[in-house]
1. Does Glu102 satisfy being in contact with a Phe, Trp or Tyr (Cβ under 8 Å, 6 or more places away or on another chain) and surrounded by 19 or more Cβ atoms within 10 Å (Cβ to Cβ)?
2. For segment 17-28, enumerate the residues that are touching a Gly at 6+ places or on another chain (Cβ under 6 Å), buried (at least 23 other Cβ atoms within 10 Å of the Cβ) and not hydrophobic (A, V, I, L, M, F, W, C).
3. Evaluate segment 135-149: report whether one residue or more is under 13 Å from Ile21 (Cβ atoms), at pLDDT 95 or above, open to solvent by less than 50 Å² (accessible area, probe 1.4 Å) and part of a strand (DSSP E or B).
4. So how many residues does segment 29-53 have that are open to solvent by 20 Å² or more (accessible area, probe 1.4 Å) and under 20 Å from Leu73 (Cα atoms)?
Amino acid sequence: MRGRLLSEATMESSERIPRLIVGVDGSPSSHAALRWAERYARMVGGVVEAIHAWDTPSARGYSGPAIDPDFDLQQARERFAEELRTVFPGERPARLREHLVEGDPSEVLIQTSEGAELLVVGRRGRGAFARAMLGSVSQRCAQHAACPVVVVGQQADPAH
């Protein structure tokens, strides 16, 4: 089931509601991207689809000890829930949809961008080189997404 949404978003009506896809990886810039997308969605009457992509090392062909995919999935769920609590410490926005997806983050976001109004990503994720202008995921998304891409940098005050 690689690259497939584990939960599906439902639309409130038959009219087209703008979909904003946001990559969430736990980095400060992805938290800023999620906050930005939520504010923008309120302005345009859209829905935010927060995507947390996770990958089991054995799924990519790494050699090493046996990996329990159920354990990896549970860890990914817990990380994603914690990230959402960090960004939205109180009540989560009503039009926030949460998607936990197994697969390469850039591939998942590029596929999910089909039919979306915007794809919103953080400037640099967890594995970026400090001097890099863009992380590898944000750069791939900017080059290959099926919709416009907004790249958000880390905010000075992480509370806003």
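1. yes
2. Asp25
3. yes
4. 1
The values are calculated or read from the model by the stated rules, or taken from the named source; none is laboratory data. Note that the structure is predicted; figures quoted are calculated from it, not measured. When we count neighbours, we look across all protein chains shown, and the Cβ atoms used for this are built from the backbone with ideal geometry, even at glycine. In case anyone asks, the SASA skips ligands and DNA or RNA and just uses the protein heavy atoms, side chains included. Shrake-Rupley method; radii C 1.70, N 1.55, O 1.52, S 1.80 Å.
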